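The structure appears right after this line, and notes come after that.
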Amino acid sequence: MRIKVQQLGMWLFRHRSYSPLPMIVLVLVCFPPRYYGDAQPWITAAAVITAFLGEAVRVLTVGFVHHGTSGRESYLRADALNVTGAYSLVRNPLYIANTLIYCGILFFWGNPWAFFLMLAFLCGQYTLIILGEESYLHRKYASKYQEYTQRVPRIIPGKSEFRPAESVFQWRRVIVKENDSIFNMLAMFLILEALREYHRLGKVLHWPRLAGVGGILLVLYAAIKIWKKRYADTTFRS
């Protein structure tokens, strides 16, 4: 049974970039947005802050990690064991960050059912992925990883001591590895804002502004992709 759970976790790991998408579409279709009157600006602000906090955690994690770790590949790779920086506080900072981003986006939508169903899905998915990753890391790093698991909690920060990262912060690495995550998050906010207006007013009242912001976002995203392909050091691609 444990082996099957780990195999399922590995399958989800390979498809982790896309596996939440059907669930997102499902909850958005089945649970329309809600409007909360005078409280709406505060809810919107809290949602955006939550998502950006998640992305900030990703940036601070990715910017300090060892080469060949914490990548976006569809296969497990750990050329080194990350135990400093964000990894000295929790063993899975990127999954915490991803959950914050998704929660911010669904909180922005405003339907509690959509929010909690998506949160439950993410908790289930990341639990299985973490079990698969832990099996891999136990095999590769044995006692070193065992000592790390005894000292640092999986998800909820505890009493583990913060250890500064061993490398300097790499902005180029962040741009190369995080451009998709940042673009997807911002694009989702634009799409959901258009859908919220349509549900509430029967039309997208601010579509010129939303289209303009979306166009600027696409241009910046394309520029980063071109720069990444032509000039980015291949060291940061993995």
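A short reminder: the numbers here are calculations on the coordinates, not readings from a lab. Quick caveat, the model's predicted, so the values are computed rather than measured. Ideal geometry is used to build each Cβ from the backbone, glycine not excepted, and the neighbour counts take in all protein chains shown.
Compute the Cα gyration tensor for segment 148-236, then decide on rounded, prolate or oblate, letting a ≥ b ≥ c be the square roots of its eigenvalues: rounded whenever a/c is under 1.5, prolate when a/b is larger than b/c in the other cases, and oblate in all that remain. The shape class here is oblate.
Its DSSP H runs of at least 4 residues, each contributing -39,500 (n - 2.57), put the calculated 222 nm mean residue ellipticity of the chain at -23500 deg cm²/dmol, to the nearest 500. Averaging Cα coordinates gives a centre for segment 155-204 and one for segment 213-232; these two points are 17 Å apart.
The angle between the Cα long axis of helix 171-201 and the main principal axis of the chain comes to about 30°, on a 0 to 90 degree scale. Against the chain, whose longest principal axis is taken from its Cα atoms, helix 40-62 shows a tilt of about 30°.
Counting 0.36 nm for each residue step from GLU161 to VAL213 and taking away their Cα separation leaves a gain of 14.5 nm. Only one of the listed values, (1) 26; (2) 14; (3) 18, was derived from the coordinates as percent of Cα pairs over 32 Å apart; which label is it? The value computed from this structure is option (1). For the peptides 191-197, 43-49, the ranking by packing is 191-197, 43-49, with the highest mean count of neighbouring Cβ atoms within 10 Å listed first. Using only Cα atoms and rounding to the nearest 10 degrees, what angle (0 to 90) does helix 93-109 make with the longest principal axis of the chain? Around 10 degrees separate the two axes. Under the criterion of Cα pairs below 8 Å and six or more residues apart, the relative contact order for segment 2-169 equals 36 percent. Judged by the mean number of other Cβ atoms found within 10 Å, the most tightly packed of the peptides 97-105, 128-136 leads the ranking 97-105, 128-136.
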